[in-house]
Amino acid sequence: MARTLLRAAALLLTALPVFSSAAPADLPDTLEQRLTACAACHGKKGEGIRGNEFFPAIAGKPAGYLYAQLANFRDRRRHSATMNYIVAYLSDAYLHEIAEHYAKLAPPPAPPPPLADRALLARGEALVTHGDRTRDIPACVECHGKGLGGMEPAVPGLLGLDPRYVASQMGAWRSGLRHAKEPDCMANVASLLAPGDISAIAAWLATRASGERVPPLAAGALKPPVRCGSIESPDVPPPPPAPPASRGEYLVVAGGCYACHTVPGGAPFAGGRAIPTPFGTIYSTNLTPDAATGLGQWSADDFRRALHEGIGRGGEYLYPAFPYTNYTKVTRADSDAMFEYLKSLAPVKRENRAPEMRFPYDRRPLLAGWRALYFTKGEYREDPKRSAQWNRGAYLVQGLGHCSACHSARNAWGGVKEEPEVGGGLIPMLNWYAPSLTASRETGLGDWRLEDIASLLSTGVAPRGAVFGPMAEVVKESLQRLTREDIEAIAVYLKSQREKTSEPTGDGIPDARLAPILAGGKRIYRDHCAGCHGDDGRGKGLAYPPLADNEAILMANPVNAVRMTLNGGFPPSTAGNPRPYGMPPFAHVLRDDEVAAVVTYIRRSWGNGASAVSPLAVAAARGVPLD
C-alpha cells in the first residue's frame, strides 16, 4: 500500500491546517445525516430491517455494548465483510459517539411473534427465566435483567430482535464463529445449548417485546453467574495517539510501517498481517526488538541493508512486497533514526510466519533475476534545477512514501513500469485502481489548487473528492500526521508531475443507443443518490463529493466507482475531519444490472463522457474481497 514519509528534520508535529468538517448550509449537521451509511442496513432510527437476521435493530442497546461491537468489527475480532470495511478507518472517539447516538434512540416495535407450538415456547421461557441447572445453563435474565433490557456498559437488551437474528447469533457463538473477550461467557453458554434450545429461546424472546423502551440496568446491578470478560474489562475508547516524540518515530509513522506490520487489533509492529500477491501470500515481520522473533539481534547496518538493498539479516533476498525499491532512496541518517525508534519499543514475542508462495516464486535465489531487471539501489539525489520544497516533496513521494508501489502499473512479473512514475494501476489482489497522479483524466492534480491537494492528503476529503479503500488507511495511519510543510511539499511535487495529454475515457457509443440504460440509471440515481450528491451531481461541500467532472468517476477503469456503489464506506477519521459523512452500501439493494445502469448514468451525465459499465464488470467487482 502507498505510504508517505514525514519531514525528516522535524522532531514534533507543527500545527496542521484543520479543514472544517461542518455540514454545508443546506445539509443537516446531525449524526443521523453523517450516518447515512448505517441507515441503509439498520434504518435511520436504528430499527433494523424486519425479517433480515443480518441487519438487526441497534436502537436502545447499551452504548458500551454497541461501542464494543463496532470496535470488534473494525479490529477484526468480529467478522462481517461489509461491517469490517465500513468502520475500518473510523476512530475510537467517533465509534463511541455513534454508539451513544443509537443507545439514546427508542427501540423499534416488536416484530410479529413466530409461529411456534406451546411446548417450544414453554421450553424457551424456562431457559430464559430459569436456565437449566442440570446442564449448568444459566438463565438469560441473570445477565440481561428481568426486563431483558441489558446492563451497562456491555450487556445488550434482548427485546425487539428478529428471532432469526437471535438464532443466527447464538448459532455463531455455539459454532465458534463469534468470539468475545476471555473468559467468553456467551461462547461457553452457547456450547451447552442444543439447536432446539436456540430455536426455543429465539421464539419466546420474540413474544416478549412490547415496543416500549426498557432501559439497561446500571453497571454492577447484577452479579453474573459466570465469569464474563466483556463485563470484567469492558471496552472503552483509548486516548488518541500522541504526536511522534522523536525523529525516528516521526519517520516510522510516515513510512506506514504500522499499517503493514500490525494485525488489526493486534500488538503494534508485531507483524503477522497477510499481504496477498499474485504469486502467493507474504506475512509482515515483527519489528519490535524481541531478541528471538523481532529486531532484537539486528544492527543499524542490518536494518539499513534491508531498506537500501532489499537483503535480510541472514543475507536472503527480500520479496519486493516490502518496497525496498522505494526505500533505497532513504538517507542513512533517516534509516538510523527509524531503527533507533523501533529498538525503543516494548518487545513482543510473535513468531514470523513464512511466506506462502507458489512454485517457482518460493525460491528466493530466483529474485536475483527480478532485481537485475527492476531494482536500482541508490539514495535520492536532489535536482539542482528545482526548489528545496519540490525536492523535499520528491524525496517523500519517491522514498519512504513509496507511492509508486500502488500508483504505478505492473507487468506480469510484478515489476513497476518505469514511465510515468505514478501513472496509475490496478493494485494486485485488492482490485482497487490507484489512479494516476499525473493524468488529468484520473486525478487531475495538475488542475487542483495546492490547498485542495493538501486537504485531501491530510484530512481525507477535499472539494473535488474523498479517499476510500486502501488510500483511506494511508491517510489515517500516516498522511494526517505529516507536518504542514511536508504536505505542501508533496502537493507541489505531485502538481508538477501533470501530463500534458490524457487518453479519452469514452467508448464512442452514442447516448441514444444507451437510452433505456440511462433512463433506468437516472431513476435509481434519483431514488438513492440525489439526496446527497444533488440532482445536478455537484455534491454538497466536503460532506458528499461532486460526481460531475469528478476524475475518479471518469477513469477508463470504472472499478472504483462500481465498488463504492456496492460497498459504500466512510472516509477516514482524521484530526481535520474527525466525524466523516458516510455513503451507504447498495450491494444488498441493487442488482448487477442496476448498479451498472446507475454508474453508467453518472459517468455520462452533467458533461461527463466516460464509457458505459457492463453488469459483468459489476459482478466481477461484487466477488472481490473487501479487505
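Of the residues screened, Gly248 is one that is outside any loop (DSSP other than H, G, I, E, B) and either in contact with a Pro (Cβ under 6 Å, 6 or more places away or on another chain) or among the small types (Gly, Ala, Ser) (or both).
Among the listed residues Pro347, Pro323, identify the single one that is open to solvent by 20 Å² or more (accessible area, probe 1.4 Å) and not polar (S, T, N, Q).
On the way: Pro323 fails: open to solvent by 20 Å² or more (accessible area, probe 1.4 Å).
Selected residue: Pro347, the only one of Pro347, Pro323 that is open to solvent by 20 Å² or more (accessible area, probe 1.4 Å) and not polar (S, T, N, Q).
Output the residue which, of all residues in region 157-189 that are out of contact with any Asp or Glu (no Cβ under 7 Å at 6 or more places or on another chain) and of a type in the set (Lys, Arg), is nearest to Thr207 (Cα to Cα).
Of all residues in region 157-189, those out of contact with any Asp or Glu (no Cβ under 7 Å at 6 or more places or on another chain) come to 157-161, 163, 166-167, 169-189.
Still in the running and of a type in the set (Lys, Arg): 174, 178, 181.
Values: Arg174: 23, Arg178: 26, Lys181: 30 Å.
Result: Arg174.
Looking for something on the phi < 0 side of the Ramachandran plot, surrounded by 14 or more Cβ atoms within 10 Å (Cβ to Cβ) and assigned to a helix (DSSP H, G or I) - is there at least one such residue anywhere in region 205-218? Yes, region 205-218 contains a residue that is on the phi < 0 side of the Ramachandran plot, surrounded by 14 or more Cβ atoms within 10 Å (Cβ to Cβ) and assigned to a helix (DSSP H, G or I).
In the condition set (1) in contact with a helix residue (DSSP H, G or I) (Cβ under 9 Å, 6 or more places away or on another chain); (2) modelled with pLDDT of 75 or more, Arg498 is compliant with all but (2). The residues on offer are Arg381, Arg371, Arg363, and the sole one that is of a type outside the set (Asp, Glu) and surrounded by 11 or more Cβ atoms within 10 Å (Cβ to Cβ) is Arg371.
Does Val598 satisfy the criteria of being buried (at least 21 other Cβ atoms within 10 Å of the Cβ) and over 19 Å from Val461 (Cβ atoms)? Against the criterion (buried (at least 21 other Cβ atoms within 10 Å of the Cβ) and over 19 Å from Val461 (Cβ atoms)), Val598 qualifies.
Confirm whether Leu542 is part of a loop (DSSP other than H, G, I, E, B) and either more than 29 Å from Ala93 (Cβ to Cβ) or free of Cβ contacts under 8 Å to residues at least 12 places away in the same chain (or both). When the stated conditions are applied, Leu542 does not pass them. Close Cβ contacts (under 8 Å, 6 or more residues apart or on different chains) running from residues in region 75-88 that are crowded, with 18+ Cβ neighbours inside 10 Å to residues that are of a type in the set (Lys, Arg) comprise Arg78/Arg178; Asn84/Arg74; Asn84/Arg76; Val87/Arg74; Ala88/Arg74.
In the set Pro109, Pro56, only one residue is open to solvent by less than 30 Å² (accessible area, probe 1.4 Å), assigned to a loop (DSSP other than H, G, I, E, B) and modelled with pLDDT under 90; that residue is Pro56.
Can you tell me how many residues in region 359-405 are aromatic (Phe, Trp, Tyr) and in a loop (DSSP other than H, G, I, E, B)? Quick ask: steps written out before the conclusion?
Restricting attention to region 359-405, the residues satisfying the condition of being aromatic (Phe, Trp, Tyr) are 359, 361, 370, 374-375, 380, 390, 395.
Now narrow it down to the ones that are in a loop (DSSP other than H, G, I, E, B): 359, 361, 375, 380.
Going through region 359-405 one residue at a time, the tally reaches 4.
Of all residue pairs spaced 6 or more apart or on separate chains, those with beta-carbon atoms under 6 Å, a first member in region 287-312 that is more than 15 Å from Tyr341 (Cβ to Cβ) and a second member that is in a strand (DSSP E or B) and at pLDDT 95 or above are Arg305/Ile311.
Yes or no, residue by residue, for (1) within 23 Å of Arg363 (Cα to Cα); (2) at pLDDT 95 or above; (3) not charged (D, E, K, R):
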site	(1), (2), (3)
Cys228	no, no, yes
Ser233	no, no, yes
Pro237	no, no, yes
Arg247	no, no, no
Gly271	yes, yes, yes
Thr281	yes, yes, yes
Asp302	yes, yes, no
Glu309	yes, yes, no
Leu318	yes, yes, yes
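Scanning region 177-204 for residues that are open to solvent by 30 Å² or more (accessible area, probe 1.4 Å) and part of a loop (DSSP other than H, G, I, E, B) returns Leu177, His179, Ala180, Lys181, Glu182, Pro183, Ser191, Leu192, Ala194. For region 115-138, the candidate set comprises residues that are of a type in the set (Gly, Ala, Ser) and assigned to a helix (DSSP H, G or I); within that set, the residue that is surrounded by the most Cβ atoms within 10 Å (Cβ to Cβ) is Gly124. Just need a number here: residues in region 405-462 that are closer than 26 Å to Ala372 by Cα, modelled with pLDDT under 80 and crowded, with 17+ Cβ neighbours inside 10 Å. So the answer is 4.
The values are calculated or read from the model by the stated rules, or taken from the named source; none is laboratory data. Just so it is clear, the model here is predicted, and its values are computed rather than measured. Cβ coordinates were reconstructed from backbone atoms using ideal geometry, including for glycine residues, and neighbour counts include every protein chain displayed. These accessible areas exclude ligands, DNA and RNA; they are computed on the full protein's heavy atoms, side chains included. Shrake-Rupley method; radii C 1.70, N 1.55, O 1.52, S 1.80 Å.
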